[in-house]
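Colleague: Shown below is the structure under consideration.
Please treat every number below as a calculation from the coordinates, not as lab data. Please read these numbers as outputs of a predicted model, since none were measured by experiment. Note: ideal-geometry Cβ built from the backbone for every residue, glycine included; neighbour counts use all protein chains shown.
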Amino acid sequence: MYGKLHSACLYGIDGVLIEVETDLSNGLPQTSIIGLPDSAIREAVERVRAAIKNCGYQYPLQRITINLAPADLRKEGSSFDLAIAIGLLMTSGQLVLPPQERTLVVGELALDGSIRSVPGILSMVDLAKRQGFTSVLLPLDNVEEASLIRGIQVFGIRHLQDIAPQNPDQPASSVGIPNNSNAGPVVLKNYAHLAAPITDKTHKMADRKPRQTPLFADDYSDVLGQHHVKRALMIAAAGMHNILLVGPPGTGKTMLIKRLPSILPPLSEDEALEVTKVLSAAGKLKETPQGLIADRPFRSPHHTISTSGLIGGGGIPKPGEVSLAHRGILFLDELPEFQRQVLEVLRQPLEDRTVTISRARAAFTFPAQFMLACSMNPCPCGYLSAHSEEQRCICSPARVAAYRAKISGPLLDRIDLQVEVPPPGEWRKSAASPSSEEMQAKVIHAHQIQATRYAQSSVRWNSQLSGTLLRRTIHLPQEAEQLLEQTLQTLNLSMRAHDRIIKMAQTIADLDHEGEIVTAHVAEAIQYRQLDLNLF
């Protein structure tokens, strides 16, 4: 006897369709799972056996072969438990599924037959919709997440017994085929007896207004002074440029960067789906009333993080911090305290905006389009740029050089804005600061200008420009071109720095509501390369 169901698993952050084939034949009772299963899938035999028996069904006493196809793809996780159990009941004649339904079955079984949630359900349901499935049968705890995908019926179940329609005169504990019973199979004409499906649940992300800063939330109006730093942060947010703040301890570097999300616009619907799928694949998605993730991610890993934790890794790789920060901000506080080899792996994601992790079995690609925000002290003691007798630097030139050498030139070259944050005494009596709401309005306007300018390309922000598109889109006046060429020769800057200065100048022009770049915009962009200018 042969039966087949469809299930799914994760491959990177994408769902992969898996055929769960079940064959019953004469022979000594034995159950084999083939198709490159991992240990969690091999252990599914005992979970399924106990769940079937505890629900009143009969576990087939025959030679059972379960094949997970395609056979050359490594499978992991517990998402096949429910499909294996239903496949055995169907093949042994205890359950007949609706013939007209094309259903994806996903879920983990407990020993008592209850259904547990699985990670990555959003990617799996999205795959099912694209593959033409009409419905999805999954754990009730995953329904809210799965219903974010419109155009497919989502049925959630709590228990294996919920699959069979219950007789109102029959107690719930006796649902199913009792052991040693001669009753016929349970025939399902449809899934109407299950909890009402959630279909076409809409999340009108495009109609959302920019969020209002709630009371007592972090706001730039709380930061006294530092107007030039706020200006730099606003430029970084407007063009999604990488930024580094350098200054003594206590000047507010961390505080300034942690308020950066308050001036970024909300995610669009497509971006929200991307971010939510990454979090779902990583098992970090918490069900919230608003459904899709609305705000841009802000990730701040500790400086003891490993390379695998930052980029992603594992036998079958999982997303790292750079992917969890996709479409948002990756904040590295005290940048030189990170291990040099950990920082060096950022170079490729900053350029390609993806992470590719190769293993013997396959190569996995994760999205990694993020803004890198960093902070650091100018020297190990932190007081190199302080101007007071109480805070005098005690570091030797060799020690300062060794401290800064932890950040390589190629990585530093990829950071657009390198900004000095002065000691508190220089801005204590400063005027009132603009609020995050005011700064966000300017950033959103700049994003809208860029969206219009790059509507016919895949580029969204100025920081993504490169090659021919950069040359064709941005034109410098002769005076600005001469200033930039002179700066390149004087400071011996790379061509990458040259292009990044041009892209920053365009962002500054967008913020100032000017269509064309002028010399002042290029000059302002150059002065943000303060480490190149040796100002510390």
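Colleague: Could you calculate the FRET efficiency of residue 482 with residue 448 from 1/(1 + (r/R0)^6), where r is the beta carbon distance between them and R0 is 25 Å, rounded to 0.05?
Modeller: Here the calculated transfer efficiency is 0.20.
Colleague: Run the simple label-point estimate for residue 456 and residue 268 please: 7 Å along Cα→C-beta, distance reported in nm.
Modeller: 1.7 nm
Colleague: Rounded to the nearest 0.05, what FRET efficiency do residue 469 and residue 254 give with R0 = 30 Å and r taken as the Cβ-Cβ distance? Could you check?
Modeller: 0.25
Colleague: A further question on this structure: For the stretch 2-187, what does the alpha-carbon gyration tensor say about shape, rounded, prolate or oblate, given a ≥ b ≥ c as the root eigenvalues, a/c under 1.5 as rounded, and a/b over b/c as prolate?
Modeller: oblate
Colleague: Let me ask you something else. Of the DSSP beta bridges with both residues in the stretch 207-527, give the percent that are antiparallel, rounding to the nearest 5.
Modeller: 35 percent
Colleague: Would you report the distance distribution of C-alpha pairs in the chain as whole percents per 20 angstrom bin, up to the bin with the largest distance?
Modeller: 20, 42, 25, 12, 1
Colleague: Let me ask another. Please arrange 73, 372 by counting, for each residue, the other beta carbons lying within 10 Å of its beta carbon, fewest first.
Modeller: The most exposed by this proxy come first: 73, 372.
Colleague: Also, quick follow-up: If each residue's Cβ is checked for other Cβ atoms within 10 Å, how do 498, 513 rank with the fewest at the top?
Modeller: 513, 498
Colleague: Right, next: Name the long-range amide H neighbours of residue 104: under 5 Å, sequence gap of 5 or more, or other chain; modelled H, no Pro or chain starts.
Modeller: Answer set, sorted by chain and number: 135, 136, 137.
Colleague: Note down the magnitude of the dipole of the stretch 207-527 about its Cα centre, charges +1 on Lys and Arg C-beta and -1 on Asp and Glu C-beta and zero elsewhere, to the nearest 20 debye.
Modeller: Around 940 debye, computed over the stretch 207-527.
Colleague: Distance cut-off 25 Å, Cα to Cα: go down the list 4/189; 406/503; 4/129; 277/406; 230/277 and report the pairs above it.
Modeller: 406/503; 277/406; 230/277
Colleague: Something else about it: As I understand it, the dipole of the stretch 207-527 uses +1 on the Cβ of Lys and Arg and -1 on the Cβ of Asp and Glu, about the Cα centre. Which of 336, 493, 262 lies farthest toward its positive end?
Modeller: Result: 336.
Colleague: A further question on this structure: Going by C-beta contacts inside 10 Å, put 129, 230, 189 in order with the fewest on the left.
Modeller: Result, fewest neighbours first: 189, 129, 230.
Colleague: What is the extension gain from residue 54 to residue 494, computed as 0.36 nm multiplied by their sequence separation minus the C-alpha to C-alpha distance, in nm to one decimal?
Modeller: Taking 0.36 nm per residue and subtracting the Cα distance, the gain is 151.5 nm.
Colleague: Can you spot the aspartates and glutamates whose alpha carbon is less than 14 Å from residue 75's alpha carbon? Ignore those fewer than 8 places along the same chain.
Modeller: Partners within reach: 14, 19, 38, 43.
Colleague: A further question follows. Quick query: amide H of residue 318 versus all other amide H atoms, modeled in the peptide plane; which residues come in under 5 Å with a sequence gap of 5 or more or a different chain?
Modeller: Long-range HN contacts for residue 318: 313.
Colleague: Under the rule of -39500 (n - 2.57) per DSSP H run of 4 or more residues, summed and divided by the residues of the chain, what mean residue ellipticity at 222 nm is obtained, to the nearest 500 deg cm²/dmol?
Modeller: Dividing the helical sum by the residues of the chain leaves -9000 deg cm²/dmol.
Colleague: Here's something else I'd like to know. For the stretch 1-49, state which GluC sites (Glu not before Pro) are in a DSSP loop and have at most 15 other beta carbons lying within 10 Å of their beta carbon.
Modeller: 43
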